[in-house]
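Engineer: Please find one structure pasted underneath; my questions will follow.
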Amino acid sequence: MVRREPPQTEEGWYALHDLRTIEWAAWRDAPRRVRERVVAEATEFLQSATAVEDAEAGDSAVFAVTGHKADLLVVHLRPTHEAVELLERRFDRTELAQFTEQTESYVSVTEASGYTERAREYFDGEIDDDSGLAQYIRSRLHPEIPDHEHVSFYPMSKRRRPDQNWYDLPFEERAEHMASHGDIGRDYAGEVQQMITGSVGLDDWEWGVTLWADDLTDIKDLLSEMRFDPSSSKFADFGPFYVGRRFPPADLDAFPRVNRRTRHWRPRYGLTHRRTVPRRRPTARTERTPAPGRRPTAGSKPAGDRRRATGRTPSASRTSSSG
């Protein structure tokens, strides 16, 4: 029996992707003073986390998730598993947690692998600490979350089918695939920044991939090109994708959304503001005057009757459907 050789790896910071859905019906029914207190407390916690006041190193960021899968994504990077676990529990102790459900989470650790010859030299201690390669690997192990506007996160695993088993390939063939994959990624340097985290034994998938960009289509172009690379087309399985926009914790009060599942309104002007719909003044009943040469349609109702039948004015109907 042939025993396949795994690549050398080095691990860095632990990562938690914490995805939350806001219970908008409960939030809407809460008194205004309660909502203001909840937002103030949550903002204080998120500001503390993004300032990394709880640890000597790390990073955190908050994103508004687009689509039905979640509303908020909080990404934490810390030197220890204990640190990210405590951050998760600290959020659970806030009042905002009572209005949210943790619809998904992902636990992993930043890693660098030794598929290239130069990387293996680094792991063997043959590379100077101040070399460009050493600095690059350290940046992968201890990354800073960039200020890019958009984020795309997804988990993935290498395929293990009888005819497409990544782990049955010889080391040299896997290294060749990874080199080709890396060449595509380097073509998007400066446009897309990535963070690869390993999760074998930590979560349901084997890796987490987090991509940041100012132009979301750059992420789309990168992944479209990678789909045609054999490393992806033959040997990769992907989980759900989460896409969002970054915002500072101080803007939590201005967090806008419309709940697509229940069609409940999420306030345009913030979590603690109410939305008001302008109402049209009642008008006197008027009969519709038929156009010259035309007779009124049998069974038709005047405009005033239609307004009373629907219970709303045409302008209010249009306002409710906007946004």
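Engineer: At 37 °C and 0.692 mPa s, what whole-number value in µm²/s does Stokes-Einstein give for the translational diffusion of the range 9-254, with Rh from the Kirkwood sum over Cα pairs?
Structural biologist: 169 µm²/s
Engineer: Per-residue counts of other Cβ atoms within 10 Å, averaged by peptide: what ranking do you get for 236-243, 120-127, 76-83, highest first?
Structural biologist: Highest mean packing first, the order is 76-83, 236-243, 120-127.
Engineer: Okay, next question. Counting Lys +1, Arg +1, Asp -1, Glu -1, what net charge surrounds Glu85 among other residues with beta carbon under 12 Å of its beta carbon?
Structural biologist: Residues near Glu85 contribute -2 overall.
Engineer: Still on this structure, I have one more. Net charge near Ser131, counting Lys/Arg +1 and Asp/Glu -1 over other residues with Cβ under 14 Å of its Cβ?
Structural biologist: With Lys, Arg at +1 and Asp, Glu at -1, the net is -4.
Engineer: Now for a separate question. With labels modelled as points extended 7 Å from the Cα through the Cβ direction, what inter-label distance (nm, one decimal) is found for Asn165 paired with Ala25?
Structural biologist: 4.9 nm
Engineer: Could you work out the local net charge near Val52, counting Lys and Arg as +1, Asp and Glu as -1, over the other residues with Cβ closer than 9 Å to its Cβ?
Structural biologist: The answer is -3.
Engineer: With a Förster radius of 35 Å, plug the Cβ-Cβ distance of Arg32 and Ser105 into 1/(1 + (r/R0)^6) and report the FRET value to the nearest 0.05.
Structural biologist: Given R0 = 35 Å and the Cβ-Cβ separation, E is 0.70.
Engineer: What does the extension gain come out to for Gln8 and Thr66, with contour length at 0.36 nm per residue minus their alpha carbon separation?
Structural biologist: Separation in residues times 0.36 nm, less the Cα-Cα distance, equals 17.2 nm.
Engineer: Distance from the Cα centre of the range 190-254 to that of the range 99-138, in angstrom?
Structural biologist: So the two Cα centres are separated by 16 Å.
Engineer: I've got another one for you. If I model a spin label as a point 7 Å beyond the Cα along the Cα-Cβ vector, how far apart are those points for Lys220 and Glu144 in nm?
Structural biologist: In this crude label model, Lys220 to Glu144 measures out at 3.0 nm.
Engineer: Taking only the alpha-carbon atoms of the range 48-97, what semi-axes of the equivalent ellipsoid follow from 5 times the gyration tensor eigenvalues under a square root, in whole Å, largest first?
Structural biologist: Gyration-tensor ellipsoid for the range 48-97: 21, 13, 9 Å.
Where a number appears in this text, it was derived from the coordinates with a stated rule and is not lab data. Note that this is a predicted model, so its numbers are computed, not measured. Glycine gets a Cβ as well: all are built from the backbone with ideal geometry, and neighbour counts include every protein chain shown.
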